[in-house]
Amino acid sequence: MEAYWLSVLTGGAAVPPDRPLDDLTAELVTMLGDPNPRRRDDLAYPVLATWIRNGVYDKLLVGLGDGITVGLVQGIGSDGTDSVLRRSFSALILAEAVGRDNEVRLLSADTVLRWGDRATSWFVRERDLRGWIAERGWAHTVAHGADLLGQLARSRHLGALELTVLLDVVADRLLQPTPHVWRNGEDDRMAYAVMTILHRNLVSFGVLEPWVARLGTGIRTPAARAEPRSEWPSPAAANTASFLRALHVQLALGVRGRDEVAADKELFAEPPARRADLMLVVLDQLRAASPWLFPAAGSFATPEPSLR
């Protein structure tokens with residue numbers, strides 16, 4: 001099996017003429033959950049992604065996406081099992097399908113919103129947040145889920161209401177208790193998904209400010225601890241703080257679009273609206289979470305310029 005798909009990939013990833021496309025697709029989709037990272041990450045994912053990007057599934061995209069969403073719930077609720085691989089890589093392939101529609105406009109709003117409902121339901125319910133797994137390679141559920149949210153955020157079918165829902169999903173994911181501390185760049189990937197939402201300039205500041213404040217409540221040290229005393233920051237609080245720092249840096253420095261997404265050049269051409277105000281509200285939450293470390297806002301006067 002590996003030799004067959006390796007020959008397909010090294011041969012330019014053309015669809016083999018010796019087998020029906022349905023059979024080839026079914027085999028590749030099954031391989032998305034293979035515990036062998038070579039079959040899953042090095043063969044199945046790049047072949048499926050290439051075929052989607054090249055338009056192989058353009059007339060079959062609805063069926064493909066509906067089938068892929070089935071993988072999002074296989075073993076859902078488990079933590080520490082190989083079933084996470086199928087769920088996570090299903091999210092990554094679904095992101096490719098949404099991205100294809102963003103590029104060539106094939107799908108109805110009903111289809112994209114149906115996929116979005118299934119994707120966000122999975123993302124909030126997912127318990128296995130491991131990044132790298134020894135002998136299994138990448139699981140990366142948070143990063144892959146963030147990539148999927150980012151593609152949904154680019155969709156013409158999502159307006160202000162739907163983008164607000166995506167922000168709520170991000171907050172739900174961050175604040176949900178978990179034993180897993182992110183250490184494989186998940187904070188940057190999640191912040192980048194939010195930046196994509198912000199660059200749409202459809203969600204009002206009146207929605208964004210309380211959303212940031214909600215995240216801030218998750219990183220403040222509880223006033224009273226239940227006995228026995230528990231670790232602080234908790235993994236969820238540490239992840240949320242890392243996310244807020246990543247979001248602040250991305251707001252400050254700006255982010256670029258993805259090279260393979262043609263419309264990103266325009267989408268990311270200018271900073272998001274109310275960028276400076278957003279930076280301040282994020283800083284306010286980080287400051288409030290560590291009052292022992294940061295001085296109150298406005299404590300320091302602006303230094304006078306010096307010629308020396």
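The values are calculated or read from the model by the stated rules, or taken from the named source; none is laboratory data. Just so we're clear, the structure is a prediction, and the values are computed from it rather than from any experiment. A quick note on method: Cβ atoms are made from the backbone with ideal geometry, for glycine too, and the neighbour counts reach across all protein chains shown.
Taking the listed residues Leu202, Leu174, the one that is touching a Gly at 6+ places or on another chain (Cβ under 8 Å), without any contact (Cβ under 8 Å) to a residue 60 or more places away in the chain and not assigned by TED's automatic domain parsing to the domain that holds Thr141 is Leu202, with no other qualifying. Could you tell me whether the stretch 19-30 includes any residue that is of a type outside the set (A, V, I, L, M) and within 23 Å of the chain's Cα centre (by Cα)? Yes, because at least one residue in the stretch 19-30 is of a type outside the set (A, V, I, L, M) and within 23 Å of the chain's Cα centre (by Cα). Just to be sure before I move on: is Glu209 modelled with pLDDT under 95 and of a type outside the set (A, V, I, L, M) in the structure I sent? No: the conditions fail for Glu209.
State all residues of the stretch 205-226 that are without any contact (Cβ under 8 Å) to a residue 60 or more places away in the chain, of a type in the set (A, V, I, L, M, F, W, C) and farther than 26 Å from Pro271 by Cα; if no residue qualifies, say none.
Ala223, Ala224, Ala226
Screening Ala193 on (1) more than 26 Å from Ser234 (Cβ to Cβ); (2) in contact (Cβ under 8 Å) with a residue 12 or more places away in the chain; (3) small (Gly, Ala, Ser) shows it passes everything except condition (1).
Put simply, of Gly216, Gly257, Gly206 the only residue that is surrounded by fewer than 16 Cβ atoms within 10 Å (Cβ to Cβ) and at negative phi is Gly206. When we screen Ala119, Ala143, Ala171, Ala160 for residues that are among the small types (Gly, Ala, Ser) and closer than 20 Å to Pro35 by Cβ, the only hit is Ala143.
Criterion first (over 19 Å from Ala171 (Cα atoms) and touching a residue at least 12 places away in the same chain (Cβ under 8 Å)) does Ala273 satisfy it? So Ala273 passes the test.
Counting only helices (runs of 4 or more DSSP H) that sit completely within the stretch 40-136, those holding 1 or more residues that are farther than 23 Å from Leu6 by Cα correspond to 61-70, 83-104, 109-125. If the condition is being more than 15 Å from Leu148 (Cα to Cα), of a type outside the set (A, V, I, L, M) and either in contact (Cβ under 8 Å) with a residue 60 or more places away in the chain or surrounded by 14 or more Cβ atoms within 10 Å (Cβ to Cβ) (or both), then the stretch 67-85 contributes Gly67, Gln74, Gly75, Ser78, Asp79, Asp82, Ser83. Looking only at the stretch 16-62, residues that are of a type in the set (Asp, Glu) and surrounded by 19 or more Cβ atoms within 10 Å (Cβ to Cβ) come to 2 in all.
Among the residues of the stretch 79-93, not a single one is in contact with a Ser or Thr (Cβ under 8 Å, 6 or more places away or on another chain) and at positive phi. Just checking, does the stretch 148-156 include any residue being on the phi > 0 side of the Ramachandran plot, modelled with pLDDT of 95 or more and assigned by TED's automatic domain parsing to the domain that holds Ala95? Looking through the stretch 148-156, none of the residues is on the phi > 0 side of the Ramachandran plot, modelled with pLDDT of 95 or more and assigned by TED's automatic domain parsing to the domain that holds Ala95.
The residues in the stretch 155-191 that are part of a loop (DSSP other than H, G, I, E, B) and not aliphatic (A, V, I, L, M) can be counted, and the count is 13.
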